[in-house]
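Asks: Have a look at this one.
The values are calculated or read from the model by the stated rules, or taken from the named source; none is laboratory data. Please read all numbers here as calculations on a predicted model, not as lab measurements. Don't worry about glycine lacking a Cβ; one is built from the backbone with ideal geometry, like all the others, and counts go over all protein chains shown. These accessible areas exclude ligands, DNA and RNA; they are computed on the full protein's heavy atoms, side chains included. Shrake-Rupley method; radii C 1.70, N 1.55, O 1.52, S 1.80 Å.
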Amino acid sequence: MSALGKKILLAKTGLDGHWRGVSLVEKRLQEAGFLVVMIGMATPDEIVSAAVEQDVDLVGLNVGGHIEVVHKTVDQLNERMVGVPVFAGGAIAPWAKKELEDRHIEVYPPGSSLEDIVDAAFRLCRINVKASTLKIEAQINPKYSADGAKP
Amino acid sequence: MYRSKPWRIFQLSGFGSPEEEGERIRFLLEHGETGFIMEHDRNTGDHLYNVDHPEVMARREDVGLTGATIQSVRDYETVLKGIPIESTYGHPGGGVVQHGPYALACYWTVARRRGIDLGKLPGTGQSDFFLTYLGCVTKQQVPTQTGLRFNADIIEFCAEHMPHWVPVSIAGYNGADTGLNAYQELGAVFANAVEYLDEIQRRGNISIVDAAKGVGGVSFRVGMDLFEDVAKLRAGRKMWAELLAKRYNINDDKAQRLRIHSLTAGSMMMYPQPLNNLVRGTIMALAGVLGGTQSLGVSGYDEALSIPSEHAHQMSLRIQQILQNETNLCAVADPMGGSYFIETLTAQVEEKAWEFFDEIEAHGGFLNTLDSGWLHQVAHKNQFEEQASIDDGSKIIVGLNAFADDVTPFDIDGFKSSSSEWKHALERLNRVKSERSAKLAAEKMRDLEAACRTDTNIMPAMMEAMDAEVTMGEIGDVFRNVFGDWQTPISV
């Protein structure tokens with residue numbers, strides 16, 4: 001288990017391969033001490049099944065498309081995993097951001113600070129810590145070894 | 001240079017249905033765009049899935065959001081209706097490597113059906129490795145070696161039949177907006193170019209000079225570091241000419257002339273106070289122009305919110321038109337040449353770019369650095385450091401981490417496109433399948449598969465398949481069946 005004992009599922013709802021934002025979030029959440037289960041591009045069914053199987057404390061959705069898919073995912077999640085919080089990021093237009101916030105999904109659009117996102121993760125997982133009090137060093141994604149060979 | 005011919009105003013555009021995409025392209029052309037770039041729905045296009053693929057059906061509301069759903073040559077005909085492609089410089093899409101042969105074959109088939117001589121058709125393909133294997137990694141994709149073969153096929157086909165067509169375009173832009181810095185972008189672009197040239201030389205079907213003419217169309221990112229980006233474009237031209245002379249003994253003027261498309265950095269368009277992005281777009285465009293770009297796209301001011309609204313698109317044109325017509329920027333070629341600062345910076349960028357080129361070669365070449373994840377690692381490290389400098393306030397971004405007060409008197413809400421395109425796309429797909437000759441389509445798919453399994457150029461078989469109305473997803477099935485999937489070095 002991770003240093004914090006909390007697990008976060010990250011997924012991309014669309015098949016649009018813009019990875020920049022979600023990989024930054026993944027790395028930073030790991031460094032903050034969360035166990036991050038990154039399942040990449042996944043359908044609503046796959047996201048909900050993974051969340052249930054992994055018994056996660058928080059679900060993060062990277063949205064690269066219409067938010068109907070997010071609604072569908074959250075509806076299914078609410079049926080099978082009552083109370084699990086969800087936050088979302090990606091190119092989510094202001095009208096769509098408002099719609100998601102109305103159903104208590106926190107939204108982090110492009111340019112959001114990673115510190116704010118980590119703070120949201122602490123808060124949503126009910127951990128009483130602030131990201132600004134942690135010393136997080138930028139480091140290379142541990143998925144890759146020093147010479148770039150595949151793990 | 002610009003005195004006789006200003007740069008091409010060349011914007012990426014499209015969404016929703018083929019009709020909607022055609023309408024937006026015609027809108028831009030009517031408002032002064034001088035070439036057009038078709039955007040495809042990424043859920044279907046990047047993956048070569050039809051809309052009835054289970055992965056697409058599970059997210060049907062997303063279909064059409066980022067580009068039109070274009071599943072057959074008929075859809076291409078709909079988009080291009082009323083556009084004189086014989087005299088308009090076109091980019092049919094196909095940014096992603098496996099999508100390239102399909103997009104080109106469809107567009108060329110439309111031209112043929114209209115009776116246009118392919119030898120006179122103007123335009124460009126893309127089939128970009130940076131987009132496909134680094135920046136926007138897809139769920140399923142042909143392996144890099146197959147991509148190399150596809151691109152060599154396209155380059156050879158164009159060398160033989162299409163002298164006015166740029167067969168592929170190496171888009172350093174996609175590397176840079178994924179995190180590569182200026183010299184890394186340059187070094188990686190040329191490391192990519194030598195993979196193409198070495199492969200074509202090995203195949204021995206066309207002359208290396210013709211190959212170089214086909215490979216010398218690239219795209220670079222222009223960002224907010226104005227001087228560095230001007231230096232980058234200047235260094236790029238010099239490096240290309242030197243690379244051809246030294247490595248391949250090519251001294252042909254035309255081949256040594258690097259043709260540059262510049263695109264303003266999407267990642268530098270900010271979500272808060274989106275009108276600020278008009279200023280950013282202007283400054284980034286200026287870097288491209290001072291660097292001597294041949295064509296230019298300016299991101300929409302609503303880039304961080306959504307795909308461009310009609311107004312945002314219009315403003316991307318207006319920025320370029322103001323620069324072309326009101327500023328006297330077109331009066332002289334290379335206006336920054338001779339400045340001590342720019343000359344020093346150009347020399348430094350070039351030196352470091354060659355070092356990075358050598359580093360890629362030392363890691364087994366460009367394709368190997370994509371397969372191993374080494375290049376992803378370099379880009380991610382830069383992204384992380386850049387984000388950290390914004391988060392800690394050492395780098396100021398106006399409206400984002402400073403000067404956040406906003407009195408914009410109206411809402412800019414982002415473009416909202418329809419989410420019901422999936423149903424229409426399915427109807428169109430079923431119509432094509434029921435109306436075409438099933439026998440002929442099956443025969444052409446078999447021919448394509450046979451070409452794929454040998455070293456025959458796939459483009460003639462691709463065009464025959466398109467003319468027989470084989471659909472995009474069926475092409476994807478052939479590719480997946482023959483070539484399998486790329487083993488991604490990052491989790492997708």
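Asks: If you look at just the Cα atoms of chain A, how large are its Rg and its Dmax in Å?
Replies: Cα-based Rg and Dmax for chain A come out at 14.9, 47 Å.
Asks: Ordered by residue, what ³J(HN,Hα) values in Hz, to whole numbers, does the stretch B:129-137 give under the Karplus form 6.51 cos²θ - 1.76 cosθ + 1.60, where θ = phi - 60° and Gly and Pro are x?
Replies: Each residue of the stretch B:129-137 in turn: 5, 5, 5, 6, 10, 10, x, 10, 5 Hz.
Asks: Along the charge dipole of chain B, pointing to its positive end and built from +1/-1 on Cβ of Lys, Arg, Asp and Glu, which listed residue (B:Met57, B:Tyr102, B:Ala450) has its Cα farthest out?
Replies: Toward the positive end, the furthest listed residue is B:Ala450.
Asks: Using R₀ = 41 Å, calculate the FRET efficiency as 1/(1 + (r/R₀)^6) where r is the Cβ-Cβ separation of B:His363 and B:Met57; round to 0.05.
Replies: Calculated value: 0.55.
Asks: Find the sum over both chains of the accessible area lost when A and B are paired, probe 1.4 Å, and report it in Å² to the nearest 100.
Replies: Answer for the A-B pair: about 4300 Å² buried.
Asks: Would you mind checking the pairs B:Lys213/B:Lys254; B:Lys5/B:Lys238; A:Lys27/B:Lys395; B:Lys5/B:Lys232; A:Lys72/A:Lys97; A:Lys27/B:Lys139 and listing those with alpha carbons more than 18 angstrom apart?
Replies: Pairs exceeding the cut-off: B:Lys5/B:Lys238; A:Lys27/B:Lys395; B:Lys5/B:Lys232; A:Lys27/B:Lys139.
Asks: Give the dimensionless ratio obtained when the Cα radius of gyration of chain B is divided by 2.2 N^0.38 Å.
Replies: Normalised Rg, Cα atoms only: 0.94.
Asks: Residue separation times 0.36 nm, minus the C-alpha to C-alpha distance between B:Phe341 and B:Ser87: what's the value?
Replies: Residue separation times 0.36 nm, minus the Cα-Cα distance, leaves 87.3 nm.
Asks: Can you give the helix-only mean residue ellipticity at 222 nm for chain B, where every DSSP H stretch with n ≥ 4 adds -39500 (n - 2.57) and the sum goes over all residues, rounded to the nearest 500 deg cm²/dmol?
Replies: -16500 deg cm²/dmol
Asks: Hey, another quick one. Just by accessible area at a 1.4 angstrom probe, what is the order of B:Tyr173, B:Tyr107, B:Tyr183, B:Tyr340 from largest to smallest?
Replies: In descending accessible area the options line up as B:Tyr340, B:Tyr183, B:Tyr173, B:Tyr107.
Asks: Per Stokes-Einstein, at 10 °C and 1.306 mPa s, what whole-number D in µm² s⁻¹ belongs to the stretch B:293-346, with the Kirkwood radius over Cα pairs as the hydrodynamic radius?
Replies: In µm²/s, the coefficient rounds to 118.
Asks: Per residue, what accessible area does chain B have, given a 1.4 Å probe and all protein chains present, in Å²?
Replies: Accessible area per residue: 36 Å².
Asks: Turning to a different aspect of this structure: Would you kindly calculate the mean projected area, averaged across all directions, of the convex hull enclosing the Cα atoms of the stretch B:290-440, in square nanometres?
Replies: Mean orientational projected area (the stretch B:290-440, Cα hull): 18.0 nm².
Asks: Here's something else I'd like to know. In square angstrom, rounded to the nearest 10, how much accessible surface does B:His424 have for a 1.4 Å probe?
Replies: Here the residue's solvent-accessible area equals roughly 80 Å².
Asks: Where does the stretch A:34-77 land on Rg/Rh, using Cα atoms and the Kirkwood Rh?
Replies: 0.93
Asks: How compact is the protein assembly as shown by the rule of thumb for globular proteins, expressed as Cα Rg over 2.2 N^0.38 Å?
Replies: 0.93
Asks: Amide H of A:Tyr108 versus every other amide H placed in the peptide plane: which residues, excluding those fewer than 5 positions away on the same chain, fall under 5 Å?
Replies: A:Ala88, A:Gly89, A:Gly90
Asks: While we're on this one: Return the calculated 222 nm mean residue ellipticity for chain A, to the nearest 500 deg cm²/dmol, obtained by summing -39500 (n - 2.57) across DSSP H runs with n ≥ 4 and dividing by the residue count.
Replies: -11500 deg cm²/dmol
Asks: What spacing in nm lies between the two simple spin-label points modelled at B:Ser389 and B:Ser434, each 7 Å away from Cα in the Cβ direction?
Replies: Simple spin-label model gives 5.9 nm for this pair.
Asks: Taking the alpha carbon gyration tensor of the stretch B:12-123, what are the square roots of 5 times its eigenvalues, largest first, to the nearest whole Å?
Replies: 24, 16, 11
Asks: Rounded to the nearest 10 Å², what accessible area does B:Glu23 have for a 1.4 Å probe in the complete protein model?
Replies: Taking all protein chains as shown, B:Glu23 has close to 120 Å².
Asks: Shielding by partners for B:375-387, please: the mean number of other protein chain Cβ atoms within 10 Å of each residue's Cβ.
Replies: Average per residue, whole number: 5.
Asks: Averaged per residue, what accessible area in Å² does the stretch A:7-133 show with a 1.4 Å probe, protein chains only?
Replies: Spelled out: the 1.4 Å probe surface of the stretch A:7-133, per residue, equals 37 Å².
Asks: Still on this model: Using only the Cα atoms of the stretch B:103-219, each taken as one equal point scatterer with no solvent, compute I(q) by the Debye sum, divide by I(0), and report log10 of the ratio at q = 0.09, 0.12 Å⁻¹.
Replies: So the normalised log intensities are -0.25, -0.45.
Asks: Something else about it: With N residues in the stretch B:398-492, what two-decimal value do you get for its Cα radius of gyration over 2.2 N^0.38 Å?
Replies: In units of the globular-protein estimate, the stretch B:398-492 measures up at 1.82.
Asks: Ignoring ligands, DNA and RNA, what percent of the 1.4 Å accessible area of the protein assembly as shown is carbon and sulfur?
Replies: Carbon and sulfur: 51 percent of the exposed surface of the protein assembly as shown.
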